[in-house]
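A short write-up of the structure that comes next.
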Amino acid sequence: MPNTNVKLMSFLGRVASAILVAFLVGFDGRVTTARAEQISGGVVRIGVINDASGPLADATGSGGLVAAKMAVDDFRKSHPNIAVEVAYADHQNKPDVGVAIVRKWFETDGVDVVADVGNSAVGLALQNLIRDKNKIAIYTAVATTELTGKQCTKTGFAWLHDAFTLVSGPIRTLVAQGQDTWFFVAADYAFGKNMVSESQRILASVGGKSLGAVYHPMANTDYSSFLLQAQSSGAKVVAFANTGDQVVNSMKQWKEFGMDDGKQRPVAELLWLTDVHSMGLDIAGGLTSIVAWYWGLNDETRAFGHRFFELHHRMPTAPQAALYSGLSHYLKGVAATGSDDTDTVAAWMRENAVDDFYARGSKLRADGKLIHDFYLFEVKKKSEVTEPWDYYKIIRRVPAEEAFSPLAQSECPLVTPAR
């Protein structure tokens with residue numbers, strides 16, 4: 001069956017339009033068209049949306065679809081009578097494009113749950129839509145704290161991280177070592193701005209000082225002026241609040257300009273496994289960052305990693321593992337309740353612990369965050385690598401209760417204020 005071309009016309013007064021391709025993938029890999037059926041008809045529909053072609057594509061992208069299909073295939077083995085279809089689309093890192101696609105999925109194609117997203121601005125836009133349409137969303141690499149803060153909703157779940165979990169551990173660790181002055185090079189959209197805001201707040205709380213921040217366009221390739229500002233700041237630490245191609249190019253130019261002379265310490269506040277692979281260990285070796293999941297943690301994570309590698313020819317990133325886990329938990333809820341009703345399945349997801357290779361005994365908090373451990377790591381030197389993609393040296397496990405901001409401090413309207 002031919003691919004379905006979806007033309008997204010402008011809406012809500014916008015004059016823009018975009019042509020995207022959405023795929024509905026069955027278990028045998030065939031492309032199928034969406035049909036408006038209920039679970040009673042035996043079909044559950046999942047929509048995976050992320051950056052398929054831009055700076056975030058390596059960490060999410062087509063690998064997210066691979067992870068989703070793995071979750072569906074594994075579910076099918078235990079529940080062969082429940083058919084599941086997966087729709088996939090590229091939001092191009094544009095909130096209006098993302099909303100248009102997902103709105104069509106909900107209103108026309110009968111999609112029950114949307115997953116992945118991977119962009120903070122798109123995530124915040126979709127959060128309003130899932131609230132209005134009463135649908136479930138499983139977010140992976142959406143870091144803005146607003147998602148589970150002021151913009152939280154009962155059916156929006158953050159499976160991976162937020163800005164607090166990404167910056168708190170490294171800042172506390174490095175300031176305690178005397179690395180107490182920081183300068184930030186950040187992406188100029190919701191993610192970067194939120195990361196800097198959270199970093200500066202935590203930095204001040206532990207006795208550190210921010211010497212400034214500079215913001216670059218999302219699709220930027222030349223970082224020379226931003227790096228020179230960081231250098232002239234005299235900060236002991238230069239923190240990069242960007243991701244994907246952005247941090248890869250930033251670090252390559254950091255080395256090209258001779259800034260790897262040890263006078264300033266670079267910290268990648270969000271570093272994916274694929275970023276390290278793209279940089280190469282000559283550039284990435286020694287970088288410090290934090291991650292919620294790594295394929296080389298234990299035998300279970302290694303088994304998933306090698307399964308994924310057979311399909312995608314690269315090891316899974318944390319967002320891709322989180323997507324598998326989140327969709328698996330959702331599908332377990334559908335099977336346990338015998339329903340695809342949003343409120344019914346969302347309630348089951350909140351009431352039951354996630355217990356898989358991604359997170360053991362973890363539960364969704366009232367604000368929609370899945371509470372789990374994190375790992376502070378350093379990128380290995382070439383001499384320390386024992387197998388392909390074996391890039392992380394775990395420095396410390398950060399327990400869940402330390403990794404996440406206290407619920408009592410949450411601005412989520414669903415949280416009863418502590419008294």
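The values are calculated or read from the model by the stated rules, or taken from the named source; none is laboratory data. Because the structure is predicted, anything quoted here is derived from the model rather than measured. All Cβ positions, glycine included, derive from the backbone under ideal geometry; neighbour counts span all protein chains shown. Protein only, heavy atoms only, side chains kept; ligands, DNA and RNA dropped before computing areas. Shrake-Rupley method; radii C 1.70, N 1.55, O 1.52, S 1.80 Å.
Packing order of peptides 203-212, 68-77, highest average first: 68-77, 203-212 (average count of other Cβ atoms within 10 Å over each peptide's residues).
The equivalent ellipsoid of the chain has semi-axes of 35, 22, 22 Å, largest first, where each one is the square root of 5 times an eigenvalue of the Cα gyration tensor.
So how do 134-146, 327-339, 365-377 stack up, highest first, on mean other-Cβ count within 10 Å?
In descending order of packing, they fall as 134-146, 365-377, 327-339.
Helical runs (DSSP H, four residues minimum) scored at -39500 (n - 2.57) apiece and divided by the length of the chain put the mean residue ellipticity at 222 nm at -11500 deg cm²/dmol. At an R0 of 30 angstrom, the distance between the Cβ atoms of residue 401 and residue 343 translates into a FRET efficiency of 0.55. Among 384, 107, 269, 256, the sequence by solvent-accessible area, most first, with a 1.4 Å probe is 256, 107, 384, 269.
Restricting to the chain, what percent of DSSP beta bridges are antiparallel, rounded to 5?
On the way: 21 of 57 bridges.
The antiparallel fraction comes to roughly 35 percent.
Packing order of peptides 83-91, 258-266, highest average first: 83-91, 258-266 (average count of other Cβ atoms within 10 Å over each peptide's residues).
Across the stretch 280-419, the convex hull enclosing all Cα atoms gives 138 Å³ per residue.
With a 1.4 Å probe and all protein chains left in place, how much accessible area per residue does the chain have, in Å²?
Solvent-accessible surface per residue comes out at 39 Å².
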